[in-house]
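Bear in mind these aren't lab numbers, they're just calculated from the coordinates by the rules spelled out. Source: prediction; values computed, not measured. Note that each Cβ is placed from the backbone with ideal geometry, even for glycine, and that neighbours are counted across all protein chains shown.
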Ligand code: SF4
């Protein structure tokens, strides 16, 4: 893709989404910036609590209460989604930006048959009605590998297997040929065999439709196979972002390296599987130091007293937020 000729489809700038509880403010997303080009696949990776799902929901403007977007811009086709009315947003959601959730049961209405839910989307976003909508629905279900689409249309969500429900969600997501799909852990509720089928289906369709995709996941192994670029998130901030090959060949941030060590297939051979000690919840709430400091195996003196590290450019399209990058290379080797 020639990026000089192409404008980003999506540019997220300094996004801040906070949750306001009675006793504290949780900065779930705190100053996140990234861009996505048409047709590109971006992996948003991190542990639970890293802010990756809230970032996805912020783009859709579906942040649950008591959360609120408090700062930044979300430019989609150069239009700031944060300035649109809810009515304008409804037209974009499902039409130009679609979502595939982790649990299709939470997105499908259990009280309505698949037919009603799929035809609703086709009517709202493609203006199709009656027989045309039904015929399109049948064709779409067949395209995602549902063996008897007419029968499936007349079933309720609970009558389908988990894999079939996710196929229906994928059908709904692609039915309006959106420019962008946000898939949040789309296979984690499925068994391993079905996971592989759903991943293949998702990326086959993405290629056919030329859709850009944000894949929210904790699975770095999957990201290494399907994504163009990767964003590593920790406690609401981006620790590292880079093209996928660059990230896996030259992981620069200690958190990225720790995540990679925790993948059985990517880490060095070891008797016991590595896990990063501690958890995101260990953070002091208003710490002004690097948020990974309490768990970082590579921390240095500088990390204790220099505040939060900014995103430091360390290669083409490669940034990492870590004070190690400010050291002269001889000192870096000693610190490592
Ligand atoms: S800034 Fe310091 S604590 Fe944070 S990741 Fe880098 S080395 Fe570790």
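Couple of notes before you dig in:
- If the convex hull is drawn through the Cα atoms of segment 36-171, its volume per residue in Å³: 149 Å³
- For the Cα trace of segment 39-113, dividing Rg by the Kirkwood Rh returns an Rg/Rh value of 0.97.
- Using a cutoff of 8 angstrom between alpha carbon atoms and counting only pairs six or more residues apart, the relative contact order for the chain works out to 19 percent.
- The chain: angle of helix 192-209 to the longest principal axis, Cα-based, in degrees nearest 10: 80 degrees
- Restricting attention to the chain, close to 60% of DSSP beta bridges with both partner residues there are antiparallel.
- Residue-averaged 222 nm ellipticity for the chain, from DSSP H runs of 4+ at -39500 (n - 2.57), nearest 500: -9500 deg cm²/dmol
- Kirkwood-type radius of segment 110-175, with distances r between different C-alpha atoms, in Å: 11.5 Å
- For segment 76-149: rounded, prolate or oblate by the Cα gyration tensor [a/c cutoff 1.5]: prolate
- Computed from Cα atoms, the angle from the helix 162-174 axis to the main principal axis of the chain rounds to 90 degrees.
- For segment 110-175, the relative contact order is 43 percent, taking Cα pairs closer than 8 Å that sit 6 or more residues apart in sequence and dividing their mean separation by the residue count.
- Model label sites at residue 161 and residue 203, defined 7 Å from Cα along the beta-carbon direction, differ in position by 2.2 nm.
- If R0 is 30 Å, the Cβ-Cβ spacing of residue 87 and residue 13 corresponds to a FRET efficiency of close to 0.80.
- The Cα atoms of segment 80-239 give a gyration tensor whose axes a ≥ b ≥ c have a/c of 1.5 or more with a/b no greater than b/c, which makes the shape oblate.
- For the chain, the Kirkwood hydrodynamic radius from C-alpha pairs, put into Stokes-Einstein at 10 °C and a viscosity of 1.306 mPa s, yields a diffusion coefficient of 75 µm² per second.
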